[in-house]
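The values are calculated or read from the model by the stated rules, or taken from the named source; none is laboratory data. Nothing here was measured: the structure is a model prediction, and the numbers come from that model. Cβ coordinates were reconstructed from backbone atoms using ideal geometry, including for glycine residues, and neighbour counts include every protein chain displayed.
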Amino acid sequence: MNVIQSKLFPFFSKLTMRAGQRPLLLLSGMVSCSLCLHAQETPKSGDETWKKVYRASATKYDDLVNTRLDVKFDYDKSYMYGKEWVTIKPHFYPTDSLSLDAKGMDIHEVAIVKEGKNAPLKYDYDGMVLRIHLDKTYKYTDKYTLYIVYTSKPNELKTKGSAAITDARGLYFINPKGEDKDKPTQIWTQGETEANSAWFPTIDKPNQKTTEEITMTVPAKYVTLSNGKLVDQKLNGDGTRTDHWKIRRK
């Protein structure tokens, strides 16, 4: 069983399930570095028109600083229930609003974290972009943290990917109900080029980078894997386990 591990690093990891191992639940990727490139179609022989196409980097209005997720999974519906704490700063110009890519989700709550408390914010959501009205105008020297509660429904998403990676669901449920006895149950992510926003709200552009951490609550029989270091594992009283993975700043 080969599993693609990472969205952003310029290589792929291969994991193999050996006899007797626990079923594997793999969740990785996010946006922890800025090494991914836009997928482009291979030009036909002798065709040099592609040289004349200007491919600009996405305009930066805001910068991601840190992304923290707390997620659980609904294996029957192929849903992910997420809580997010995302820290952001304006890139240059002062701003009193923020737009996050959030594809095909249910948004339940948006708040700003102030002195450890959540203050609700007004927002507009069209099914693809979450437009948030901040509590004040922030300068490029200011950082702020938003708290977002949402449900990701990747199998109901209709968007398409790039020429190289045609699917853009971001989050993939493989045999989630265990109905195929010859196939392991897996959940994994593939965010290239702009598909991470199918499973958590973010600024989904290849020129953004952020540190990240994630806690995943899964049935205790499963194994998890993510970017960063496994810093904690806690058995819960309901047959599940919560794993905490974290990337630290150097």
Inset, instruction - Scan region 169-194 residue by residue and report those that are touching a strand residue (DSSP E or B) at 6+ places or on another chain (Cβ under 8 Å), part of a loop (DSSP other than H, G, I, E, B) and in contact (Cβ under 8 Å) with a residue 60 or more places away in the chain. - result: Gly170, Pro176, Pro184, Thr185, Gln190, Glu194
Legend entry - Single unsatisfied condition, Leu130 versus (1) modelled with pLDDT under 95; (2) surrounded by 14 or more Cβ atoms within 10 Å (Cβ to Cβ); (3) within 23 Å of Val65 (Cβ to Cβ): (1)
Inset, instruction - Could you check Thr141 against (1) closer than 25 Å to Tyr123 by Cβ; (2) at pLDDT below 95; (3) of a type outside the set (Lys, Arg); (4) in a loop (DSSP other than H, G, I, E, B) and say which number it fails? - result: (2)
